[in-house]
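For reference, the structure is listed below as structure tokens.
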Amino acid sequence: MSSSSAQILEHVVLIKVKDGTDPSRVNAMIDGLNALVSLDSVLHAATGPVLHTPRSSSSPLTFTVMFHGRYRTKDDLDAFADHPDHIRVVEELNAPIREDIMTADWITDRVPEGAVALPPGSAVRVSLLKLKEGSGDEAKGEVLSAVAEGIRDGLGRVEHATWGENFSPLSKDFSIASLTVFKNMEEMEAATAVAAAAAAPLQEKVGKHVDSVISVDYVVPHPQPVSLSL
């Protein structure tokens with residue numbers, strides 16, 4: 001990693017939209033969330049539909065939309081969460097069509113300064129791990145090390161990646177999170193085959209500590225001319 005990397009807070013929100021929701025309402029929610037990138041405390045914010053759930057997922061939880069935001073500090077994330085525009089989008093566009101939600105927050109210093117805002121068309125994979133009940137700090141450390149090793153050794157096409165301990169209050173006990181960025185979906189798909197080959201020894205090493213995994217893929221959308229006024 002270059003010395004010119006940024007310490008940032010990763011914020012991921014996974015949303016499950018109610019079955020039968022009119023697509024226009026889903027699009028309105030996505031547009032409203034994407035418009036929040038204009039808020040002062042936001043370094044990056046993008047929302048899009050979950051494209052598919054990789055075979056690595058082992059949790060029964062399913063989600064249909066992903067929001068990814070980046071902030072310098074927790075105070076900046078709190079300012080975003082408390083901003084009237086964010087509250088209005090959540091209350092008027094998100095909550096009425098939402099069946100389920102979970103979030104992941106972690107601190108990282110692995111993002112190059114010039115890559116904090118992800119280019120449109122970038123493919124992103126988020127993985128969340130839930131450890132088995134009773135797992136202590138030693139087990140958590142082993143799993144975090146394995147996640148880092150898997151990203152470094154198995155994903156040669158990665159643009160950049162982050163990982164860390166999830167401290168979100170809406171984590172559903174998924175305490176470890178990672179986010180991997182690829183130039184596009186083609187690069188992600190090519191890397192997935194390499195990752196699958198590298199995953200077996202890591203699974204054998206730390207699988208005893210992991211209860212379930214959620215992985216989701218999405219593509220950073222191209223900006224649309226949307227307004228925060230509702």
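What follows is calculated from the coordinates using simple rules that are stated; it is not laboratory data. Quantities reported herein were computed from a predicted structural model and do not represent experimental measurements. Cβ sites come from the backbone with ideal geometry, for glycine too, and all protein chains shown count toward neighbours.
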query = Based on the Cβ-Cβ distance from S38 to K132, what FRET efficiency comes out when R0 is 35 Å, to the nearest 0.05?
reply = 0.25
query = Quick one: helix 23-35 against the long Cα principal axis of the chain, what's the angle to the nearest 10°, folded into 0 to 90?
reply = 80
key: Descending semi-axes in whole angstrom, ellipsoid equivalent of the chain, from the Cα gyration tensor   = 28, 19, 18
inquiry  = Given a 10 angstrom Cα cut-off, can you work out which residue in P60, P119, P49 is the most mobile in a GNM of the chain?
reply    = P60
task = Using θ = phi - 60° and the Karplus relation 6.51 cos²θ - 1.76 cosθ + 1.60, list the HN-Hα couplings for region 91-102 in order, rounded to whole Hz, with x at every Gly or Pro.
result = 6, 9, 10, 8, 3, x, 10, 9, 9, 8, 8, 8
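Under 10 Å from the Cβ of A28, count the other residues' Cβ atoms, weight Lys and Arg +1, Asp and Glu -1, and hand me the total. Provide the component values of the computation, followed by the final result.
Working: positive: R25; negative: D22, D31, E92.
Charge balance near A28 sits at -2.
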note = Simple SL model, points at 7 angstrom along Cα→Cβ for K183 and D211; separation in nm is 4.1
ask   = Under a Cβ-Cβ cut-off of 15 Å, what is the net charge of the residues other than L43 that fall near it, where Lys and Arg count +1 and Asp and Glu count -1?
value = -4
inquiry  = Quick check: residue separation of A79 and T62 times 0.36 nm, minus the Cα distance between them. What number comes out in nm?
reply    = 3.3 nm
query = By how many nm would the segment from A95 to A193 lengthen if fully extended, with 0.36 nm per residue of separation less the alpha-carbon distance?
reply = 31.6 nm
message = Pick from A79, A161, A123 the residue whose mean-square fluctuation is largest in a GNM of the chain, springs joining Cα atoms under 10 Å.
response = A79
ask   = Which value at 222 nm does the chain reach when only helices count, each DSSP H run of 4 or more adding -39,500 (n - 2.57), with the total divided by all residues and rounded to the nearest 500 deg cm²/dmol?
value = -9500 deg cm²/dmol
query = When the chain is treated as a GNM, springs tying every alpha-carbon pair under 10 Å, which of S178, S59, S215 comes out with the largest mean-square fluctuation?
reply = S59
